[in-house]
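Data first, discussion second: the structure below is written as structure tokens.
Bear in mind that the values in this text are calculations on the coordinates, not laboratory data. Computed from a prediction, not measured in an experiment: that's the story for all the values here. No Cβ is skipped: glycine too gets one built from the backbone with ideal geometry, and neighbour counts run over all protein chains shown.
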Amino acid sequence: MLQHLQNDKETTPSWLANYQSGDNISLEDFCSGRIAFYPGCGTDGHLVEIGNRSQSVHCFIYTDYSVSIDMVKDTLNSRHGIKGYHILGTTEWDPKALETPKPYRNRFAIDSGKPYCLVVVFERDTDYSPVWGSDRFAVAFMNIDGFAVYKNLFVERLHKAPYIFLLEDYGYGLNYDRFGRGGILDRIMRKSGIWPKYAVSGHAQLWNGYQRIPLQTETKGGMHSYSRALYAYTGIGI
């Protein structure tokens, strides 16, 4: 998986390369390059590991309405933080721009605290080489409905898809609909034609139009050490 993605490395976005602690980060700058997206993420850091180690993407969006801001901060400040990196700076966005539209909510959706959008810029420690990962990367942690973020941000605002999408439907979580085939997100993608270039998945029902990258080894990661494979969009997602 990493070997395949390493063949398509992304140059560090200029805003990120020039970032200094205390700088404000706009949504437009953050989304100017490739984006890796993981809805219903919990505290699973596997997507950051994949994207950063391959240096194929520098900006990540993690969203989960069951993860509080305190959970994010506790994870980043614990021994389970991101090895080899330190926090260079943070920015907060107003979550109202991406808040959940009512049609996607029902009584089974449970919030964990107040909605937030916390953007964190990470810088590689000096005792780690570029083989470990990019010099810098950024993660936007959100307490917002993943279906809404995809439609409001990628479809209506950016008019482009995530470069990589980590697709999991855990089944025992708080999601009121699946992210995979046949769910709300699938319908949004089919209607808009906005399909991620790559999907990383282990247990979810993949959308039509995706094929597994051949000869690529599965990687294990996440909260439950799932084996996940890399899939590419073939252009026939109908």
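Gain on full extension, evaluated as 0.36 nm per residue between Thr43 and Asp8 minus their Cα-Cα distance, stands at 9.9 nm. From most to least packed by mean Cβ count within 10 Å, the peptides 158-165, 176-183, 88-95, 20-27 give 158-165, 176-183, 88-95, 20-27. Pairs of Lys residues in the chain are counted when their Cα atoms are under 13 angstrom apart and they lie 8 or more places apart or on different chains; the count is 5. For the pair Ser32 and Ala232, a Förster radius of 25 Å applied to the C-beta separation gives a FRET efficiency near 0.60, rounded to the nearest 0.05.
Think of it as helices only: each DSSP H run of n ≥ 4 in the chain is worth -39500 (n - 2.57), and spread over all residues that comes to -4500 deg cm²/dmol at 222 nm. Sorting Tyr38, Tyr65, Tyr128 on the 10 Å Cβ count, fewest up front, what's the list? The most exposed by this proxy come first: Tyr128, Tyr65, Tyr38. From most to least packed by mean Cβ count within 10 Å, the peptides 186-197, 47-58 give 47-58, 186-197. Gaussian network model of the chain, Cα springs within a sub-10 Å range: biggest mean-square fluctuation belongs to which of Tyr62, Tyr19, Tyr116? Of the options given, Tyr19 has the highest mean-square fluctuation.
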